[in-house]
Amino acid sequence: MKEGIVMLKIHNGLKDGKSHYDAICGHWRTAAGRLKFIQYTVGINRWNFVCVFKPSIWGYVETGHEKGRKYFEGVEAPVDMLSKLQEAEVKLLQKFGRGRELAYAFLSEVE
């Protein structure tokens with residue numbers, strides 16, 4: 001079984017005035033091999049799940065100081081998915097290591 005969810009801390013982007021989508025779709029360091037298994041991206045603001053998106057396209061930054069980082073284009077996931085994630089929030093947040101900006105989870109952990 002592979003990961004189906006990537007959780008991303010977006011509080012700095014929100015603090016800068018970005019929308020949830022702009023804060024979460026940005027440039028992330030993650031293993032390229034994992035991208036094909038990601039079905040949902042979850043935005044976390046101050047240890048609360050605030051948004052969830054369904055990526056349709058993953059891209060790579062090719063130039064500049066963020067070269068090699070990944071970004072996605074997608075649509076907002078159904079509201080019931082955010083509700084399911086919020087119910088499992090305490091368990092899922094334990095997956096973050098110290099100082100990590102992203103963590104992975106399995107879809108089976110929220111269904």
Fill in the blank from the handout: Val61 vs (1) without any contact (Cβ under 8 Å) to a residue 24 or more places away in the chain; (2) over 14 Å from the mean Cα position of the chain (by Cα); (3) within 15 Å of Leu35 (Cβ to Cβ): all pass except (1)
Handout entry: Of all residues in region 1-22 being of a type in the set (A, V, I, L, M) and more than 10 Å from the chain's Cα centre (by Cα), the one that is surrounded by the most Cβ atoms within 10 Å (Cβ to Cβ)
Key = Leu14
Exercise for the section: Answer yes if at least one residue in region 40-47 is at pLDDT 95 or above and either of a type in the set (Gly, Ala, Ser) or loosely packed, with under 15 Cβ neighbours inside 10 Å (or both), and no otherwise. Expected result: yes
Problem - In region 20-36, the residues that are farther than 13 Å from Tyr60 by Cβ and of a type outside the set (Gly, Ala, Ser) - result: His20, Tyr21, Asp22, Ile24, Cys25, Arg34, Lys36
Handout entry: Pair list, Cβ < 8 Å and 6+ apart or interchain, from region 71-94 residues that are in a strand (DSSP E or B) to residues that are among the β-branched types (Val, Ile, Thr)
Key = Tyr71/Val61; Phe72/Thr41; Phe72/Ile57; Glu73/Ile57; Gly74/Thr41; Gly74/Ile57; Glu76/Val52
Fill in the blank from the handout: Per the filter on region 64-87, residues buried (at least 17 other Cβ atoms within 10 Å of the Cβ), small (Gly, Ala, Ser) and out of contact with any Lys or Arg (no Cβ under 7 Å at 6 or more places or on another chain) are none
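Condition first: within 21 Å of Phe96 (Cβ to Cβ) and modelled with pLDDT of 95 or more. Can you find one or more residues in region 56-73 that meet it?
Looking through region 56-73, none of the residues is within 21 Å of Phe96 (Cβ to Cβ) and modelled with pLDDT of 95 or more.
If you go through region 1-51, how many residues are of a type outside the set (A, V, I, L, M), closer than 22 Å to Lys91 by Cβ and part of a loop (DSSP other than H, G, I, E, B)?
Adding up the residues that qualify gives 7.
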Fill in the blank from the handout: Per the filter on region 55-91, residues closer than 14 Å to Val110 by Cβ and of a type in the set (D, E, K, R) are Asp80, Lys84, Glu87, Glu89, Lys91
Practice task
Please work out which one of (1) in a strand (DSSP E or B); (2) more than 17 Å from Ser19 (Cα to Cα); (3) not acidic (Asp, Glu) is the condition Arg98 fails and give its number.
Solution key: (1)
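The values are calculated or read from the model by the stated rules, or taken from the named source; none is laboratory data. The model shown is predicted, which means the values in this text are computed figures rather than measured ones. Cβ coordinates were reconstructed from backbone atoms using ideal geometry, including for glycine residues, and neighbour counts include every protein chain displayed.
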